[in-house]
Amino acid sequence: MRTTILGSATLALAATLALTQLAPASADSIGVKDPKDLAHGADLRSVQVEHKARNIVVTTTHTDLRESFRSGSSGAVYLDTDPADPGPEHVFAGGYFVGTDYQLVEVDGFSNASWGEPVEGSYAMRIDYDREQVRMRISRAALGSPDEVRVAVKVAGSRPDGSNTRRDWLGEPRSFTEWVAR
C-alpha cells in the first residue's frame, strides 16, 4: 500500500513539474537555456525574452564574453512577429565587443541576402561584461506593435589565429522559442 501511494505521489509530482517547465503561449516572458557547446566567449548559454507594454527585451547570457575586438564575438536575434507568415520579419544584429555597432533591419528569412532596410524606431543594445550578458531593447512600435513575438538566436566569434568559430544557435539552427504574448 505504501509503495502505491508513494508511486502515485511521485507520478503526480513529476507530471506537475513537467507542466511547469513548459512556457505558456500567453506568457509575457520566457527563458531558454543552451548547452555549453562552443569553446569561445560568444558561447550562448541562455536567452530571456520579455514582451512588455512598450518594449521587447531580449537578454542573452554567454560564457567568458570578452571586450577585445580580437574575439570577433557577434550575434543575431531573429524576430518573428507574424504567426501567419513563417520565418522572421526582423533581425537585431551586432558585435559583442567594445567599439562595435548594431542594427535592427527588416528580413525575409534567415539568409543574410534577405536583409533589407534598417528599421526606423527606438532600439538599443547594451553589453555587461561582468555579468556576461547582452541586452537588446526594441520598442514594440518599431516592430509594428505585435501581439506576440518569438526569437531565434545565432552567435559566433573569431579564434586567436583569425579563423572563425562555428555558429552557435539557441537550440537547433533556425529554430524559434515559443511565442511570447504581451
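The values are calculated or read from the model by the stated rules, or taken from the named source; none is laboratory data. All figures in this text were calculated on a predicted structure; none of them were measured in a lab. Glycine also receives a Cβ, built like all others from the backbone with ideal geometry; neighbour counts cover every protein chain displayed. These area figures cover heavy atoms from the full protein model, side chains too; ligands, DNA and RNA do not enter into them. Shrake-Rupley method; radii C 1.70, N 1.55, O 1.52, S 1.80 Å.
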Quiz item: Residues in the range 36-56: is at least one part of a strand (DSSP E or B), open to solvent by less than 50 Å² (accessible area, probe 1.4 Å), closer than 20 Å to Phe176 by Cβ and small (Gly, Ala, Ser)?
Solution: yes
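Only one residue in Arg140, Arg126, Arg135 is open to solvent by 50 Å² or more (accessible area, probe 1.4 Å) and in contact (Cβ under 8 Å) with a residue 12 or more places away in the chain. Which one? Show your work before the answer.
Details: Arg140 fails: open to solvent by 50 Å² or more (accessible area, probe 1.4 Å); Arg126 fails: in contact (Cβ under 8 Å) with a residue 12 or more places away in the chain.
That would be Arg135, the only listed residue that is open to solvent by 50 Å² or more (accessible area, probe 1.4 Å) and in contact (Cβ under 8 Å) with a residue 12 or more places away in the chain.
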Quiz item: Can you tell me which residue in the range 60-87 is nearest to Gly99 (Cα to Cα), limited to those that are among the polar types (S, T, N, Q), at pLDDT below 95 and open to solvent by 10 Å² or more (accessible area, probe 1.4 Å)?
Solution: Ser68
Exercise. Please find, among Ser145, Ser114, the residue that is more than 15 Å from Thr60 (Cβ to Cβ), open to solvent by 50 Å² or more (accessible area, probe 1.4 Å), polar (S, T, N, Q) and over 17 Å from the mean Cα position of the chain (by Cα).
Key: Ser145
Quiz item: Given (1) part of a loop (DSSP other than H, G, I, E, B); (2) hydrophobic (A, V, I, L, M, F, W, C); (3) under 16 Å from the mean Cα position of the chain (by Cα), where does Phe92 come up short, assuming only one miss?
Solution: (1)
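Answer with yes or no whether Val105 is open to solvent by less than 80 Å² (accessible area, probe 1.4 Å), over 27 Å from Asp130 (Cβ atoms) and of a type in the set (Val, Ile, Thr). I'd like the intermediate steps shown before the answer.
Details: open to solvent by less than 80 Å² (accessible area, probe 1.4 Å): yes; over 27 Å from Asp130 (Cβ atoms): yes; of a type in the set (Val, Ile, Thr): yes.
The answer is yes for Val105.
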Quiz item: When only residues in the range 91-133 that are hydroxyl-bearing (Ser, Thr, Tyr) and in contact with a strand residue (DSSP E or B) (Cβ under 8 Å, 6 or more places away or on another chain) count, which is farthest from Val149 (Cα to Cα)?
Solution: Thr100
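Can you tell me which residues in the range 88-102 are of a type in the set (A, V, I, L, M, F, W, C) and open to solvent by less than 30 Å² (accessible area, probe 1.4 Å)?
From the range 88-102, those of a type in the set (A, V, I, L, M, F, W, C) are 91-93, 97-98; that's our starting set.
Passing the criteria: Val91, Phe92, Ala93.
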